Amino acid sequence: MLDMTTKELSSRNVKAEEALRLGVVSGWYTTKISGTFVTGPHATHEEALRKIAELRPPAPPAPKRKS
């Protein structure tokens, strides 16, 4: 299981020229802030965003306010 509790994820499109330089397949990837690939390639930007939503942990519940 990937631990994304402290890492913010974003989507990134790697085009053919850059993919060749990096030795990866072109497409959409989810990346850490550092630029490290987490998942991919995904066929579309929407697929990458869905994966980010799947990996991102839910926000902790807000503390209850006393009345």
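FYI, it's all coordinate maths here, none of it is from the lab. Please read these numbers as outputs of a predicted model, since none were measured by experiment. Don't worry about glycine lacking a Cβ; one is built from the backbone with ideal geometry, like all the others, and counts go over all protein chains shown.
Charged side chains reduced to their Cβ positions (Lys and Arg at +1, Asp and Glu at -1) give the chain a dipole of some 480 debye around its Cα centre. Here the label points at Glu18 and Phe37, each 7 Å from Cα along the C-beta direction, are separated by 1.2 nm in the simple model.
Diagonalise the Cα gyration tensor of the stretch 9-55 and give the resulting equivalent ellipsoid semi-axes, square root of 5 times each eigenvalue, largest first, whole Å.
Working: eigenvalues 61, 27, 9 Å².
Semi-axes (√(5λ), whole Å): 17, 12, 7.
Ignoring the sites themselves, what is the longest stretch of the chain with no trypsin sites (Lys or Arg not before Pro) in a DSSP loop and at most 14 other beta-carbon atoms within 10 Å?
Formally, the longest exposed-site-free interval is 16-63.
As a proxy for reagent exposure, Val24, Val38, Val14 were ordered by neighbouring Cβ count within 10 angstrom, fewest first; the result is Val24, Val38, Val14.
Helix 45-55 and the long axis of the chain differ in direction by around 40°, with both axes built from C-alpha atoms.
Ranked for footprinting exposure by Cβ neighbours inside 10 Å, fewest first, Leu55, Leu20, Leu9 give Leu20, Leu55, Leu9.
Projecting the Cα atoms of Thr30, Thr44, Pro63 onto the charge dipole of the chain, computed from C-beta unit charges around the Cα centre, puts Pro63 farthest toward the positive end.
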